[in-house]
1. How many residues does the range 180-205 hold that are hydroxyl-bearing (Ser, Thr, Tyr) and either outside any strand (DSSP E or B) or surrounded by 14 or more Cβ atoms within 10 Å (Cβ to Cβ) (or both)?
2. Return the residue satisfying two criteria in turn: it lies in the range 137-172 and is more than 19 Å from the chain's Cα centre (by Cα) and among the β-branched types (Val, Ile, Thr), and of such residues it is farthest from GLU256 (Cα to Cα).
3. Residues in the range 161-171 that are within 17 Å of VAL255 (Cβ to Cβ) and surrounded by 17 or more Cβ atoms within 10 Å (Cβ to Cβ): how many?
4. Name the single residue, out of those in the range 145-157 being surrounded by fewer than 18 Cβ atoms within 10 Å (Cβ to Cβ) and among the hydroxyl-bearing types (Ser, Thr, Tyr), that is modelled with the lowest pLDDT.
5. Would you check if there is a residue in the range 75-93 being at pLDDT below 95, farther than 23 Å from THR117 by Cα and outside any strand (DSSP E or B)?
6. Give the range 56-106 a look and list any residue that's of a type in the set (D, E, K, R) and surrounded by fewer than 18 Cβ atoms within 10 Å (Cβ to Cβ), or say none.
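The values are calculated or read from the model by the stated rules, or taken from the named source; none is laboratory data. Source: prediction; values computed, not measured. Glycine gets a Cβ as well: all are built from the backbone with ideal geometry, and neighbour counts include every protein chain shown.
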Amino acid sequence: MKPIFYLILMLVFLSSCEDTIDLNLKDPQIKYVIEGAITNEPGLVKVMLSQTKDFKENNQFNGVSGAQVKIENEGITTVLTESSKGVYQTDKINGRPGVTYRLTVNINNEVFTASSTMPVPVPLLDFTLKPSDYERTRVTPKVKYRDVASVSNYYWFQQYINDKIQSQYKVSSDEFTSGQEINEYLVFENNTKDESKDIVKGDRLTVEMHSIDASVYTYLFSLFNANGSADGAAPANPISNISGGALGFFSAHTVERKTIVIP
């Protein structure tokens, strides 16, 4: 089985790694994988439904048709339409901070549920790059934002090169930085031997900063660390906020976005 790969693959599909991560986990059972997101930006709300595959099978998205997918908020229930195999979406939901959204997926008499509350957005103040932080295979720009005091905040940074989402991402919390101005580095890199993937002058680097709730942070943090420990222990499935036994996550989050060009 390779559920970890499917989770990373669906993160990419949901957002818009070329490098696949194939992990032979202990659990041989075929599982459903659900990933959905609602943001504070206008547009489609999308939920992806697939199944994991045997380790030796190809890495194509294994979409599952025929599910009933619905989202409820503030007493209003919206049924999502299957636009392609395993992809369910609607344009009838406009995400708002402070609102809790509840997802229900019913497939073959199995029911999976999740809920997520959209946090208040935290402004992304700046996204900068010093010449000394640029190499062809590794670029480390810096993001700046001011954490909001008095509430727990969690952040998810997604990264793009020339509008193409990258496998690298970063999550952080304000456990030790509540209310402070934060300056931290992101890493954009080509860790392959393919020089065509090097970062060159004129390339556009984009960061999306998402304010996420605690359960989504836990999921993304555990996914990031799901490649096992240094002593060779088998990796564990990330901690999902979906009940019923499915893998994946459901997130209501905000979006802040900035782009810089390699000079």
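1. 2
2. Just the residues of the range 137-172 that are more than 19 Å from the chain's Cα centre (by Cα), to begin with: 137-142, 144-152.
Checking the rest, the ones that are also among the β-branched types (Val, Ile, Thr) come to 137, 139-140, 148, 151.
Details: THR137: 26, VAL139: 21, THR140: 19, VAL148: 15, VAL151: 19 Å.
By that ranking, first place goes to THR137.
3. Of all residues in the range 161-171, those within 17 Å of VAL255 (Cβ to Cβ) come to 163, 165-166, 169-171.
If we keep only those that are surrounded by 17 or more Cβ atoms within 10 Å (Cβ to Cβ) as well, we get 165-166, 169-171.
Residues meeting the conditions: 5.
4. SER150
5. no
6. Of the residues in the range 56-106, the ones of a type in the set (D, E, K, R) are 56-57, 70, 72, 74, 82, 85, 91-92, 96, 102.
If the condition is that a residue be of a type in the set (D, E, K, R) and surrounded by fewer than 18 Cβ atoms within 10 Å (Cβ to Cβ), then LYS56, GLU57, LYS70, GLU72, GLU74, LYS85, ASP91, LYS92, ARG96, ARG102 are the ones that fit.
For (1) assigned by TED's automatic domain parsing to the domain that holds ASN73; (2) buried (at least 17 other Cβ atoms within 10 Å of the Cβ), each residue gets a yes or a no:
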site	(1), (2)
ASN108	yes, no
PRO131	no, no
GLN159	no, yes
SER178	no, no
